[in-house]
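Report on the following structure.
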Amino acid sequence: MNKKTIIVTGASHGIGRKIAKEFAHLGCNVCINYNNSKPQAINLKEEIISENKNASIMLYKADVKNRAEVDEMVDTVIKNFGKIDVVVNNAGIAEYKLFIDITYEDLLNMFNITVAGTFNVTQSVLKKCMIRNKSGSIINISSIWGMVGSSCEVNYSTMKAAIIGMTKALAKELGPSNIRVNAVAPGVIDTKMNSNLNHEDMENLKEEIPLNRIGKVEDVANIVKFLASDESSYITGQVISPNGGLVI
Ligand code: NAP
């Protein structure tokens, strides 16, 4: 992985933060994308540099919904590092609502961050770099709820299922260009996205999970590292689900 260049969207918190950190430690050039959480993004950079002063990090504020901001981010990464090898489309939001309470604005907002956000970053990187280079790995973070659906998360489940569809179709289209596209569909991972769940909820969830624990950010990061590396060079169009056996 040494000196590969990677963009991780939504890297200020949670899963994206861990992924960015891991790639920085592997010697990659890492673009840490954030939107609202500038202090957390700066803190991540400081944390990485304190552990490895030679780490190659760029912070970039861009809202993945906004194509102009995404294009500027991609241009800046190429200008600084010369190329982009790996994209991790991780930015996302949660929403817990009864279906009948979901507004059209909620639907559009979830679509814009999840589906359009992944579309924007992926298309920009393909056009500006990967297709010309005939090389790349695109990793989309979906969810088990995109595979099996979740009550009170219809909007989220809908968009995460769309991410799986996009992944599979794009893998077929981009295979001849030597660009791989895969999805990771995590189960319940301990991040602020699940901060609405109290201790009792978490204990109840644990009981439903065959491996009897809530997932950690590294459970997702480890799969992303594999999919980014040449060790997965024959894997494309796949959905890998670190979920402790919750969904088999
Ligand atoms: P998190 O801790 O809430 O972090 C979400 C990240 O997304 C933040 O860094 C946030 O950045 C970023 N983000 C949100 N909207 C954005 C936008 N418009 N543009 C750029 N960045 C944006 O969530 P997480 O648990 O790490 O989730 C990461 C991904 O994993 C999401 O796609 C989520 O759906 C998926 N996932 C999570 C779980 C789980 O149980 N945690 C399970 C399955 C899948 P700012 O704060 O800087 O705006």
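How would you rank 26-35, 210-219, highest first, on the average number of other Cβ atoms within 10 Å across their residues? Could the numbers behind the result be given before it?
Numbers: 26-35: 24.2, 210-219: 15.8.
Going by the mean number of other Cβ atoms within 10 Å, highest first, we get 26-35, 210-219.
By how many nm would the segment from A169 to F226 lengthen if fully extended, with 0.36 nm per residue of separation less the alpha-carbon distance? Can you show the working numbers first?
Values: separation 57, 0.36 × 57 = 20.52 nm, distance 2.11 nm.
Length gained between A169 and F226: 18.4 nm.
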Could you check the simple spin-label distance between K134 and N196, using points 7 Å along Cα→Cβ, in nm with one decimal?
4.8 nm
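For the ranges 151-157, 168-174, what's the packing order if you count other beta-carbon atoms within 10 Å of each residue, average per peptide, and put the highest first? Can you show the working numbers first?
Numbers: 151-157: 18.1, 168-174: 16.0.
Output ranking for 151-157, 168-174: 151-157, 168-174.
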At a threshold of 8 angstrom on Cα-Cα distance, excluding pairs fewer than six apart, so keeping six or more, what relative contact order does the chain reach in percent?
19 percent
Extension gain (nm, one decimal) between V148 and V247, 0.36 nm per residue minus Cα-Cα
34.8 nm
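Using just the helices of the chain, give the 222 nm mean residue ellipticity in deg cm²/dmol: DSSP H runs with n ≥ 4 each add -39,500 (n - 2.57), and the total is spread over all residues, rounded to 500. Before the final figure, lay out the partial values.
Values: 9 runs with 105 residues, N = 248.
Dividing the helical sum by the residues of the chain leaves -13000 deg cm²/dmol.
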Membrane-span-like helices (DSSP H runs, Cα span along own axis at least 18 Å, mean Kyte-Doolittle at least -0.5) in the chain -> 67-81, 154-174
Can you tell me how much longer the chain between D75 and E218 gets when fully stretched, taken as 0.36 nm per residue apart minus their C-alpha distance, in nm with one decimal?
48.5 nm
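Could you work out the local net charge near T5, counting Lys and Arg as +1, Asp and Glu as -1, over the other residues with Cβ closer than 10 Å to its Cβ? Walk me through the numbers on the way to the answer.
Details: positive: K3, K4, K83; negative: D85.
So the environment of T5 carries a net charge of +2.
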Where V247, V220 fall by accessible area, highest first, once all protein chains stay in place (1.4 Å):
V247, V220
The summed charge of the K61 Cβ neighbourhood (under 11 Å; Lys/Arg +1, Asp/Glu -1) stands at -2
By per-residue mean of other Cβ atoms within 10 Å, what is the highest-first order of 197-205, 221-229?
221-229, 197-205
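The values are calculated or read from the model by the stated rules, or taken from the named source; none is laboratory data. Fair warning: this is a prediction, and the values are worked out from it, not measured in the lab. As a convention, Cβ positions derive from the backbone with ideal geometry for all residues, glycine included, and neighbour counts pool all protein chains shown. Areas reflect the complete protein model, heavy atoms only, side chains present, ligands, DNA and RNA absent. Shrake-Rupley method; radii C 1.70, N 1.55, O 1.52, S 1.80 Å.
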